[in-house]
Amino acid sequence: MNRVSRRAYALLLLIVILVGGLGIFLYEYVTQADSWIVSAGSPHVFNSTNIGCGQVVDRDGNLLLDLTESRVYSADAVTRQSTLHWLGDRKGNISAPAVAHYAREMTGYNLVDGLYAYGGTDGQAVLTISSAVQNAALEAMGDRKGTVAVYNYRTGEILCAVTTPTYDPDNVPDIQGDTTGAYEGIYLNRFTQSAYVPGSIFKIVTTAAALDCVDDILERKFTCTGTYEYGIDKVTCEKAHGTLTLKEALAKSCNCCFGQIANLVGAENLTKYVRQFRVTEPVRFDGITTAKGNFDLTGAAPVQIAWAGIGQHTDQINPCRYLTFMGAIAAGGQGVLPHLVKQVSANGETTYTAQAEQEERIMPAEIAATLQAYLRNNVEKIYGSDKFPGLTVCGKSGTSQLGGDQKSNAMFAGFVTDAEYPLAFIAVVENGGYGASTCIPVLSKVLAACKAEMDGM
């Protein structure tokens, strides 16, 4: 009898464990199955590391990628190249985290019907980019390495973000066998994954800091004789600029004057404002976390503080983050986060719609207004308003020195103040030399394409 009882108790215990385990499984299935089905290793949803179902179109409905049967890119070769770093390649060497981030919304999964979009055509992601603007940017960049990006600083929509070099996924070159360096860093999305020495575009940060913490900065004048000495060290300019105000120093991009301004602000304040303006923080959007920047004045000597305020020393910025900094200035001191995915649908229903997401205010509106006026003055007095027909452009060029015998990187950042074209932009051309002469022709074409796109909406 005791033996029968023990067996009965053992059987009862097994039943309890089985029922309990089944209950736990059912609970996790109900609460977590949607996460399981869209996990990175799911063969139902992913191909290598990139999404493998549904369709991706641009803001105008042009097909960029069809995944309903196999990985089919746009019929246009230029579009295939200009959008590759957002769509990913067939082998997963280039990832597409923004599209993959919305895998759940793309598949339209639910507990009753399973995956709507798997093996079908229902799942669709609409991106904010315009293939026409992407193509214009790729053409403008030519065979140079770098990135060009434009976003709407009111809505956060990225109209264009091109990385070069790139390639046609339907005609893949011999990347591994290349010895010319033409494909160096080709798998990198330079807009989100790179950090660059900013050069003189960083003088916008130093200007904003000076406007906020140096009480008499608008009355002060600074003298440039071509060099400014700090003991045995010095800061140099290409020529003597004479005596300049802050506004004039920014327009003429005078290193000697900005070295003095940086030391007037001081290492502690410069560090504080870099943090306040978030110019070295990563940006997080659509499942993407961008590269960090850098700004370190620990134990810095006056000459190092000077070069840091000029945009050299240890300074580094990520293009996407600096783009949002430009957007915040244009918007009066408070910007919005960028986004690439505009809308997602599955089974004929909208499953996700992007909303503008504001960041915290980074500067007072009056300082943002002064910066707008200064950067507009740069275009009117230095670069030429005629370079950007039909647009009220504000901006600053930069020539970031890389050391040794390396040719400088060319930079340009700014925004458009016209209400109908609320666009912030950045261009980086690696080893491109002078920022203005190299980047303005590129941006002129890209902004014209953005204007045409917005006029046609």
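The values are calculated or read from the model by the stated rules, or taken from the named source; none is laboratory data. Just so it is clear, the model here is predicted, and its values are computed rather than measured. Please note: Cβ atoms are built from the backbone with ideal geometry, for glycine as well, and neighbour counts cover all protein chains shown. What goes into the accessible areas is simple: the full protein's heavy atoms, side chains included, and nothing from ligands, DNA or RNA. Shrake-Rupley method; radii C 1.70, N 1.55, O 1.52, S 1.80 Å.
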If I ask for residues that are under 24 Å from the mean Cα position of the chain (by Cα) and assigned to a helix (DSSP H, G or I), which ones from the stretch 379-401 would you list? VAL379
Would you mention how many residues in the stretch 438-450 are within 14 Å of VAL162 (Cβ to Cβ) and open to solvent by 10 Å² or more (accessible area, probe 1.4 Å)? 2
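Okay, residues lined up against (1) at pLDDT 95 or above; (2) more than 24 Å from THR163 (Cβ to Cβ); (3) not polar (S, T, N, Q):
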{"residue": "GLY384", "(1), (2), (3)": "yes, yes, yes"}
{"residue": "LYS407", "(1), (2), (3)": "no, no, yes"}
{"residue": "TYR421", "(1), (2), (3)": "yes, no, yes"}
{"residue": "ALA436", "(1), (2), (3)": "no, no, yes"}
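Residues checked against (1) of a type in the set (Gly, Ala, Ser); (2) under 15 Å from VAL197 (Cβ atoms):
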| position | (1), (2) |
| --- | --- |
| ALA251 | yes, no |
| LEU264 | no, no |
| GLU268 | no, no |
| VAL283 | no, no |
| ILE288 | no, no |
| ALA291 | yes, yes |
| PRO302 | no, no |
When you check ILE232 against the structure, is it modelled with pLDDT under 95, open to solvent by less than 60 Å² (accessible area, probe 1.4 Å), over 25 Å from GLN316 (Cβ atoms) and not charged (D, E, K, R), yes or no? no
Test: GLU453 is of a type in the set (D, E, K, R) and either open to solvent by 50 Å² or more (accessible area, probe 1.4 Å) or on the phi > 0 side of the Ramachandran plot (or both): no
Filter the stretch 344-359 down to the residues that are open to solvent by 70 Å² or more (accessible area, probe 1.4 Å) and either under 15 Å from THR155 (Cα atoms) or part of a strand (DSSP E or B) (or both) and list them by number. GLU349, THR350, GLN355, GLU357, GLN358
Inside the stretch 409-419, can you point out the residues that are modelled with pLDDT of 95 or more and either loosely packed, with under 15 Cβ neighbours inside 10 Å or touching a Gly at 6+ places or on another chain (Cβ under 9 Å) (or both)? ALA410, MET411, PHE412, ALA413, GLY414, PHE415, ASP418, ALA419
Take the conditions touching a residue at least 12 places away in the same chain (Cβ under 8 Å), surrounded by fewer than 24 Cβ atoms within 10 Å (Cβ to Cβ), of a type in the set (A, V, I, L, M) and under 26 Å from ALA182 (Cβ atoms) and apply them to LEU402. Does it pass? yes
Scan the stretch 142-191 residue by residue and report those that are open to solvent by 50 Å² or more (accessible area, probe 1.4 Å), of a type in the set (Val, Ile, Thr) and under 21 Å from ALA96 (Cβ atoms). VAL172
Does CYS257 qualify as being open to solvent by less than 20 Å² (accessible area, probe 1.4 Å), within 30 Å of THR107 (Cβ to Cβ) and touching a residue at least 12 places away in the same chain (Cβ under 8 Å)? no
Restricting to the stretch 238-254, and then to whatever is in contact with a strand residue (DSSP E or B) (Cβ under 8 Å, 6 or more places away or on another chain) and within 21 Å of GLN401 (Cβ to Cβ), can you tell me which residue is most open to solvent (accessible area, probe 1.4 Å)? LYS252
Hits in the stretch 302-341 - residues which are of a type outside the set (A, V, I, L, M) and in a helix (DSSP H, G or I): PRO302, GLN304, TRP307, GLY309, PRO319, CYS320, ARG321, TYR322, THR324, PHE325, GLY327
Log entry, pairs with first residue in the stretch 278-303 being more than 23 Å from VAL235 (Cα to Cα), second being modelled with pLDDT under 95 and not in a loop (DSSP other than H, G, I, E, B), beta carbons closer than 7 Å, six or more apart or on different chains, reads ASP286/ALA98; GLY287/PRO97; GLY287/ALA98; GLY287/ALA100; ILE288/PRO97; ILE288/ALA98
May I ask you to list the residues in the stretch 265-297 that are surrounded by fewer than 19 Cβ atoms within 10 Å (Cβ to Cβ) and over 27 Å from the mean Cα position of the chain (by Cα)? GLY266, GLU268
